[in-house]
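Values in this text are rule-based calculations from the coordinates and carry no lab data. All values derive from a computational prediction rather than experimental measurement. Here the Cβ positions follow ideal geometry from the backbone for every residue, glycine too, while neighbour counts run over all protein chains shown.
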Amino acid sequence: MGAPEIIGLIVLGIVLFGASRLPQLGKNLGQGIKQFKTGISEAKDEVTSAIQDKEPPKT
C-alpha cells in the first residue's frame with residue numbers, strides 16, 4: 001500500500017465520518033484492539049494452566 005492509497009483512505013474517512021469524529025473512531029478502534037489482545041492473552045493463559053493442571057478450563 002503506497003502513499004496515494006493511504007491519502008485516499010484518509011480523504012474517504014473524512015468525507016464519510018467528518019473530521020471531528022475521526023479521532024474518536026481511532027481511539028475506539030485502538031481500545032477494541034487492546035481488549036481483543038487482552039482477551040486472547042487471558043484465554044491462552046487459562047488453557048495453558050488447564051493443560052498443566054490437567055483440569056478442564058473453567059467457563
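The count of lysine pairs in the chain whose Cα atoms are under 20 Å apart, excluding pairs fewer than 8 places apart on the same chain, comes to 5.
In a reduced charge model with +1 at each Lys and Arg Cβ and -1 at each Asp and Glu Cβ, the chain shows a dipole moment near 220 debye about its Cα centre.
Taking Cα atoms only, the orientation of helix 3-17 departs from the longest principal axis of the chain by about 90 degrees. Treating each Cα of the chain as one equal point scatterer and applying the Debye formula with no solvent, the log10 of I(q)/I(0) at q = 0.19, 0.21, 0.28 Å⁻¹ comes out as -0.76, -0.85, -1.03. Each Lys or Arg adds one and each Asp or Glu takes one away; over the other residues whose Cβ falls under 13 Å from the Cβ of Phe36, this sums to +2.
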